[in-house]
Amino acid sequence: MHAGQFRGIIAIAILALATGCARSGRSAPGLIVLDEMATARITNNGWLDVNVYASRSGSRQRLGTVTGQNTEVFELPRSFVEARGLRIFIDAIGSPQTYQTDLIPAGPGQQIDVVVQQRLAMSHYSVLSP
């Protein structure tokens with residue numbers, strides 16, 4: 001057998017193996033699909049920039065910053081969503097004001113909408129399902 005033929009046979013064998021191991025992409029009926037990411041959409045109606053955190057069981061993870069008069073969407077950490085309870089914490093840069101949501105039982109595919117007001121105490125949130 002020549003080296004070129006041998007390489008061709010190896011390539012076909014690898015392709016057949018990879019095709020056989022690939023998933024069909026279908027899930028069993030009744031199973032919850034965790035592939036959809038939960039998100040937090042932060043609308044900052046204030047003039048100050050704010051840092052945004054996801055908080056769970058006393059630990060926080062920074063999601064990012066939203067500049068004044070802008071909106072950003074952040075993916076929530078999967079471990080926070082799987083825990084079935086998180087809070088969104090808003091910290092105004094250059095101000096002692098903060099805002100924290102109640103405990104939110106967010107699930108895969110859901111979006112937490114937080115509207116940040118000039119006075120952070122007037123901010124509010126809602127949860128949108130897909």
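Here, each number is a calculation from the coordinates, and none is a lab measurement. This structure is a prediction, so every number in the text was calculated from the model and none was measured. Methodologically, a virtual Cβ is constructed for each residue, glycine included, from the backbone with ideal geometry; neighbour enumeration extends over all protein chains shown.
When a footprinting reagent is the concern and you count Cβ atoms within 10 Å, what order do I88, I12 take, fewest first?
Numbers: I88 25, I12 10.
Ordered by Cβ neighbours within 10 Å, fewest first: I12, I88.
How large is ³J(HN,Hα), in whole Hz, for each residue of the stretch 118-125 in order, when computed from phi with the Karplus curve 6.51 cos²θ - 1.76 cosθ + 1.60 and θ = phi - 60°, using x for Gly and Pro?
Values, residue by residue: 3, 8, 4, 4, 8, 5, 8, 9 Hz.
Does the stretch 70-130 come out rounded, prolate or oblate by the C-alpha gyration tensor, with a ≥ b ≥ c the root eigenvalues, rounded set by a/c under 1.5 and, if not, prolate when a/b is larger than b/c and oblate if not? Before the final figure, lay out the partial values.
Working: a/c = 2.07, a/b = 1.83, b/c = 1.13.
Prolate is the answer for the stretch 70-130, as a/c is 1.5 or above and a/b outweighs b/c.
Could you give each residue of the stretch 52-69 its phi-based ³J(HN,Hα) in whole Hz, using Karplus coefficients 6.51, -1.76, 1.60 with θ = phi - 60°, and x for Gly or Pro?
Here the 3J(HN,Hα) series is 10, 10, 9, 10, 8, 6, x, 9, 10, 10, 6, 9, x, 10, 10, 6, x, 6 Hz.
Report the calculated FRET efficiency for E75 and I14 (r = Cβ-Cβ distance, R0 = 30 Å), to the nearest 0.05. Please list the in-between numbers first.
On the way: r = 34 Å, r/R0 = 1.13.
It comes to 0.35.
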